[in-house]
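J.: Supplied in structure tokens, the structure appears directly below.
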């Protein structure tokens, strides 16, 4: 099993350390992406803080990506693009 998926499952069961490990794994990438959009260090850090909060709050509603959910997500994305 993928180590991140294992950590997500632990976090969904209430393991705060697992959530922290997931977030720390992606923290630098998230910061870089936020900085590209807001072009300000303090604002990028605010964005990361909000992402952390929203992620923690919704960790139990996360649906693991399986081959079938990936196909469904891809189908809906393509369908929505055609209708806009």
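J.: Among 30, 45, which comes first, then next, by fewest other beta-carbon atoms within 10 Å?
T.: On the way: 30 17, 45 14.
Taking fewest neighbouring Cβ atoms as first place, the list is 45, 30.
J.: Taking square-rooted eigenvalues a ≥ b ≥ c of the alpha carbon gyration tensor, is segment 1-49 rounded, prolate or oblate, where a/c under 1.5 means rounded and, failing that, a/b exceeding b/c means prolate?
T.: On the way: a/c = 4.16, a/b = 2.43, b/c = 1.71.
The shape class here is prolate.
J.: Ok, one more. Can you give the FRET efficiency to the nearest 0.05 for residue 41 and residue 9, using r as the Cβ-Cβ distance and R₀ = 35 Å?
T.: Values: r = 34 Å, r/R0 = 0.97.
Efficiency computed from Cβ-Cβ geometry: 0.55.
Readers should treat all values here as calculations from the given coordinates under stated rules, not as data from a laboratory. The structure presented is a predicted model; accordingly, all values stated were derived computationally and were not measured. We place every Cβ from the backbone using ideal geometry, glycine too, and count neighbours over all the protein chains shown.
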